[in-house]
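This report concerns only the one structure given below.
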Amino acid sequence: VRREQRVVLLGGDHTIALPALQAVNQVHGPVALIHFDAHLDTWDTYFGAPCTHGTPFRRAAEQGLLVKDRSAHVGIRGSLYDRADLLEDEALGFTVVHCRDIDRIGIDGVIDRILTRVGDHPVYVSIDIDVLDPAFAPGTGTPEIGGMTSRELVAVLRALRTLRIVGADVVEVAPAYDNGEVTAVAAANLAYELVTLMADDF
Ligand SMILES: [Mn+2]
């Protein structure tokens, strides 16, 4: 495996995480996914379509791109369509760190859950900018109140430095909805944090 064959993507629609995971798998094999998002993104279809920004991680699980039972969603707080959303997500091999868990277990508790979940598998980190509260990232298509602060997210990311991160993305930034480049600044700095984590691994 060539360690330099790693990727950081910027978006744009979260759908790009699926081809990114396919490409990463070709070099590194199946990965553990750490998915920061207000939403699960494991619906079967979204507005009737199988490949959208609401479905990439169900497709990824179906295609065997993820190490079974080693992936986690972090920051989840979006509305559900059905109780089955959570049950099917669990059956696909995900665990959920809900955004409200942060108040209960603290940032260190969140970090512990992620590190325990991932183990020593190669990791793909996907950051949907809507994991941040709209106060920190208003420029996105499906904002949800009660989100993470940028300080909390940076703290979690920096604790991932012991992991072997082989791919990452920062997505769902919608400049047309942004305000004073608040979201752009957050996304650019998160991408910088990811690159720094990956460089640290050399
Ligand atoms: Mn998403």
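The values are calculated or read from the model by the stated rules, or taken from the named source; none is laboratory data. Note that the coordinates shown come from a computational prediction; the quantities given were computed from them, not determined experimentally. FYI the Cβ positions are ideal-geometry reconstructions off the backbone, even for glycines, and counts take in every protein chain you see. Surface areas here come from the heavy atoms of the whole protein model, side chains and all, with no ligands, DNA or RNA. Shrake-Rupley method; radii C 1.70, N 1.55, O 1.52, S 1.80 Å.
Could you tell me which numbered condition Thr140 fails, if it satisfies all but one of (1) in contact with an Asp or Glu (Cβ under 6 Å, 6 or more places away or on another chain); (2) of a type outside the set (Lys, Arg); (3) more than 16 Å from the ligand (Cβ to nearest atom)?
Unmet condition: (3).
List every residue pair whose Cβ atoms sit under 6 Å apart, with the two residues 6 or more apart in sequence or on different chains, where the first one lies in the stretch 10-26 and is open to solvent by 30 Å² or more (accessible area, probe 1.4 Å) and the second, anywhere, is in a helix (DSSP H, G or I).
Between residues of the stretch 10-26 that are open to solvent by 30 Å² or more (accessible area, probe 1.4 Å) and residues that are in a helix (DSSP H, G or I), the close pairs are Thr15/Pro56.
Is it fair to say Tyr46 is over 17 Å from the mean Cα position of the chain (by Cα) and either within 13 Å of the ligand (Cβ to nearest atom) or open to solvent by less than 20 Å² (accessible area, probe 1.4 Å) (or both)?
In short, yes.
Tell me, which residue of the stretch 152-202 that is among the small types (Gly, Ala, Ser), open to solvent by 20 Å² or more (accessible area, probe 1.4 Å) and modelled with pLDDT of 95 or more is farthest from the chain's Cα centre (by Cα)? So that I can check it myself, show each step before the final result.
As a first pass, look at the stretch 152-202 and keep what is among the small types (Gly, Ala, Ser): 155, 159, 167-168, 174, 176, 180, 184, 186-188, 191, 199.
Pick out the ones that are also open to solvent by 20 Å² or more (accessible area, probe 1.4 Å) and you get 155, 159, 174, 176, 180, 184, 188, 199.
Filter again for modelled with pLDDT of 95 or more, leaving 155, 159, 174, 176, 180, 184, 188.
Numbers: Ala155: 15, Ala159: 15, Ala174: 17, Ala176: 22, Gly180: 25, Ala184: 17, Ala188: 15 Å.
So, considering only residues that are among the small types (Gly, Ala, Ser), open to solvent by 20 Å² or more (accessible area, probe 1.4 Å) and modelled with pLDDT of 95 or more, the one farthest from the chain's Cα centre (by Cα) is Gly180.
Here's a check for you: in the stretch 73-84, which residue that is surrounded by fewer than 22 Cβ atoms within 10 Å (Cβ to Cβ) and not aromatic (Phe, Trp, Tyr) is farthest from the ligand (Cβ to nearest atom)?
Arg83
Of everything in the stretch 73-132, what is basic (Lys, Arg) and not in a helix (DSSP H, G or I)? Give them in sequence order.
Of everything in the stretch 73-132, those that are basic (Lys, Arg) and not in a helix (DSSP H, G or I) turn out to be Arg77, Arg100.
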